[in-house]
Amino acid sequence: MISEQKQKKIRQLLEQIFEKEADGILQNAYVQEMTHGKKFVTQKEALNAIYILVSGTVSVLEEYTDGNAYVFQENTAPTIFGEMESFADMECYIASLIAKTDCTFLVISKSDYMHFMRTHKELHMKRMKEDLSSVLQRGHKDRWTLQLQGVERIRLYMIRNYKKTGNNQPYELLTTRQSIADETGLSLKTVQRAMKELKEQGDLTTKGHKILISEQQYLQMLKDVEHIPYD
């Protein structure tokens, strides 16, 4: 049983996405909670459900046949997973999805979602335009990122993580160097070299396996990446 507060939040998010037609989604969907670390979609599995992220953060992974995986995107609410593939008439999910934090979703079957869209043509067109815009903007940022040296890519990674704290307190990043490599697309050796260089430059501090970033260090890194377009 979900709380009245969460029900209110779900409705507000749905109205933000689907405007006056939000009830049409609510009538055919159910709420699903997922704990952090839960992999709820595997790349290339049959696409049977649409997941609307209500709260939490989801990691989007590209997985390879050699067992390696690359986290190329992280999404917060509101985000709809499986929508773009459905609009493109694809039968499978194009990426794997893992709940990076505890998450709440509104889940609706693909068939019900597409029926809803076909009967609301203006909303259907609006959603397709927003999806296309998102893909094009992300592609532009990704191309820029791939051109960057290891140190610059790690700076951007640290800045984005610091910004998520929403405050100016010293930030403590609890993650492994391998996780950073997975999320930035760099090799482990490159990450280690970049981290060493950033530490020597005073952009961050390490304490054992912990990475510490003060407000002053964060502001300095912002100056160092002023020439780079990033979100």
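The values are calculated or read from the model by the stated rules, or taken from the named source; none is laboratory data. What you see is a predicted model; the values in this text were computed from it and never measured. Here the Cβ is made from the backbone with ideal geometry for all residues, glycine too, and neighbour counts use every protein chain on show.
Structure summary
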item	result
Enumeration of residues in region 1-25 that are in contact (Cβ under 8 Å) with a residue 60 or more places away in the chain and more than 20 Å from Thr101 (Cβ to Cβ)	Leu14, Gln16, Ile17, Phe18, Glu19, Glu21, Gly24, Ile25
Unmet criterion (only one of (1) of a type in the set (Gly, Ala, Ser); (2) exposed (fewer than 13 other Cβ atoms within 10 Å of the Cβ); (3) modelled with pLDDT of 95 or more) for Ser109	(2)
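Conditions (1) closer than 25 Å to Ile17 by Cα; (2) among the charged types (D, E, K, R); (3) without any contact (Cβ under 8 Å) to a residue 40 or more places away in the chain, marked per residue:
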position: Val31; (1), (2), (3): yes, no, no
position: Thr35; (1), (2), (3): yes, no, no
position: Thr42; (1), (2), (3): no, no, no
position: Glu45; (1), (2), (3): no, yes, no
position: Asn48; (1), (2), (3): yes, no, no
position: Val54; (1), (2), (3): yes, no, no
position: Thr57; (1), (2), (3): yes, no, no
position: Glu62; (1), (2), (3): no, yes, yes
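Condition check ((1) of a type in the set (Ser, Thr, Tyr); (2) within 19 Å of Thr57 (Cβ to Cβ); (3) in a loop (DSSP other than H, G, I, E, B); (4) modelled with pLDDT under 85) across all residues:
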| site | (1), (2), (3), (4) |
| --- | --- |
| Asn161 | no, yes, no, yes |
| Leu186 | no, no, yes, yes |
| Thr190 | yes, no, no, no |
| Arg193 | no, no, no, no |
| Asp203 | no, no, yes, no |
| Thr206 | yes, no, no, no |
| Tyr218 | yes, no, no, no |
| His227 | no, no, yes, yes |
